[in-house]
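*Asks:* Shown below is the structure under consideration.
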Amino acid sequence: MSEHTNPNIWEPKFASRTDKMQASEIRELLKLLDRPDLISFAGGIPDPALFPIEKIRSAYQSTLANVEDANRALQYSVSEGDPKLRNWIVGHMATRGIECEAENILITNGSQQGLEFLGKLFLSPNDTALVTAPTYLGALQAFASNEPAYDELKLEQTNRTANSYSQSAKAAGGEVKFAYVVPDFANPSGETMNEQARQNLLKLSRELDVPVIEDCPYSQLRYDGEEIASIQALDIETCGSIDNSRVIYCGTFSKVFTPGLRVGWVCATRDIIKRLTLIKQASDLNSSAINQSVMLYLAERLFDHQVKTARDSYRKKRDAMLEALQSYMPKGVSWSKPEGGLFIWVTLPKEIDTSALLKKAVDEEKIAFVPGHAFFVNDDGHNTMRLSFSLPDVTQIEAGIKRLAKLVHSELA
């Protein structure tokens, strides 16, 4: 027998934390994008038609045109990130009401890496992370290898107290270590936390003496309504400075420019940034220097224009999806009406399981979505789904929702 016939030969040697690692349903669904006959509402993928390809090409050419600049861009670099890019981010954070210095910024390979590092920094096995229901699947994956427990974070119309969270964490074998939220146009629900909920979260974090991780990948993509101050900005109003704040802000350029450059950042106290930098050094030494240089080139010349372009495009797509849902979905189906972001959250009658529905949707109607249960830590949400309107065009959105509604009608018949 061949020595290569047993695929599980090393399983006894794997660390116990690998049992917590699971494939992302979203990543698996992305494999369907190569099917030309499929309309996908699955991944929250930026529209490549919006990528500033010519500017990106010019940025690389500009960076490599000078030997000294090219040598710097192609070399190892400091783990904290390009100082010029960090300073640009400092200015950007100021527009969000967050006064900080370059020492408060760490460049990461997308905001996803920031979440992974924060999980490593705070979570020991059996510690509790407070998350909303539903919450971002990628965050659950980022935290999973640290073997945490989860508790549902409730900030409105709830009797939960700080002590109840502490007692639940103790019963799980650890402590509450942080609260994680996507406050603006959340992935997956599309909902936005109002200011009172943000203040309630800050109050809870002070009572529990834990940090808040504020994940803000969609904050620039507001289409309607008035902007609400970031949680970090609200906290600084009370505590006086970024270095007294218990809020850790995760940002990214991926949704405005392109995810391909993999440039995100963490904004937090100097102490947290120093500790995260040590984790960064052990992980990948530094983010790509040339990609940081290109992102700085784009940000300095194109940021406001790119934000407006993305907003105008995605607003039309959101409106098209909302109109199609209203026109075609049967009674008993409800959905969120996001003021921004890339997602609409749909709730079907209880008797419909969206995981089973997905197979029919792909096979019979040539459409894809993400079943909602993937975004819950308590095996809830089996009658929900996340729809992303970012990738299909307006015509495809109308046709796809019509097909999806036809399938829902047949399930209820």
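The values are calculated or read from the model by the stated rules, or taken from the named source; none is laboratory data. As the structure is a prediction and not an experimental result, all values here were calculated from the model. Glycine gets a Cβ as well: all are built from the backbone with ideal geometry, and neighbour counts include every protein chain shown.
*Asks:* List every residue pair whose Cβ atoms sit under 9 Å apart, with the two residues 6 or more apart in sequence or on different chains, where the first one lies in the stretch 253-268 and is farther than 19 Å from Lys84 by Cα and the second, anywhere, is in a strand (DSSP E or B) and of a type in the set (Val, Ile, Thr).
*Replies:* Note: pairs meeting the criteria are Pro259/Thr252.
*Asks:* Can you tell me which residue among Cys267, Cys250, Cys239 is closer than 21 Å to Val181 by Cβ, of a type in the set (A, V, I, L, M, F, W, C), crowded, with 22+ Cβ neighbours inside 10 Å and touching a Ser or Thr at 6+ places or on another chain (Cβ under 6 Å)?
*Replies:* Details: Cys267 fails: touching a Ser or Thr at 6+ places or on another chain (Cβ under 6 Å); Cys239 fails: crowded, with 22+ Cβ neighbours inside 10 Å.
After ruling out the rest, the residue left standing is Cys250.
*Asks:* Let me ask you something else. Give the number of residues within the stretch 141-191 that are in a helix (DSSP H, G or I), modelled with pLDDT under 95 and in contact with a strand residue (DSSP E or B) (Cβ under 9 Å, 6 or more places away or on another chain).
*Replies:* Of the residues in the stretch 141-191, 0 are in a helix (DSSP H, G or I), modelled with pLDDT under 95 and in contact with a strand residue (DSSP E or B) (Cβ under 9 Å, 6 or more places away or on another chain).
*Asks:* Taking the stretch 358-382 on its own, how many of its residues are in a helix (DSSP H, G or I) and touching a residue at least 40 places away in the same chain (Cβ under 8 Å)? Show your work before the answer.
*Replies:* From the stretch 358-382, those in a helix (DSSP H, G or I) are 358-365, 372-375; that's our starting set.
Filter once more, so that each one left must be touching a residue at least 40 places away in the same chain (Cβ under 8 Å): 360-362, 364-365, 372, 374-375.
The total comes to 8.
*Asks:* Within the stretch 112-158, which residues are more than 22 Å from Ile272 (Cβ to Cβ) and either in contact with a Leu (Cβ under 7 Å, 6 or more places away or on another chain) or among the aliphatic types (A, V, I, L, M) (or both)?
*Replies:* Answer for the stretch 112-158, where residues must be more than 22 Å from Ile272 (Cβ to Cβ) and either in contact with a Leu (Cβ under 7 Å, 6 or more places away or on another chain) or among the aliphatic types (A, V, I, L, M) (or both): Thr132, Ala133, Leu137, Ala149, Asp151, Leu155.
*Asks:* Determine which single condition Val256 fails, assuming it passes every other condition in (1) farther than 26 Å from Asp69 by Cβ; (2) in contact with a helix residue (DSSP H, G or I) (Cβ under 6 Å, 6 or more places away or on another chain).
*Replies:* Checking Val256 against (1) farther than 26 Å from Asp69 by Cβ; (2) in contact with a helix residue (DSSP H, G or I) (Cβ under 6 Å, 6 or more places away or on another chain), the one that fails is (1).
*Asks:* To continue, here is another question. Among the residues of the stretch 163-172, are any under 16 Å from Arg198 (Cα atoms), among the charged types (D, E, K, R) and surrounded by fewer than 17 Cβ atoms within 10 Å (Cβ to Cβ)?
*Replies:* Among the residues of the stretch 163-172, not one is under 16 Å from Arg198 (Cα atoms), among the charged types (D, E, K, R) and surrounded by fewer than 17 Cβ atoms within 10 Å (Cβ to Cβ), which makes the answer no.
*Asks:* Another question about this same structure. Among the residues in the stretch 267-274, are any of a type in the set (Val, Ile, Thr), touching a Cys at 6+ places or on another chain (Cβ under 9 Å), under 23 Å from Gly190 (Cβ atoms) and in the same structural domain as His92 (by TED's automatic domain parsing)?
*Replies:* no
*Asks:* Sticking with this one: Taking the stretch 211-228, which residues are in contact (Cβ under 8 Å) with a residue 60 or more places away in the chain, closer than 24 Å to Ala162 by Cα and out of contact with any Cys (no Cβ under 9 Å at 6 or more places or on another chain)?
*Replies:* Pro211
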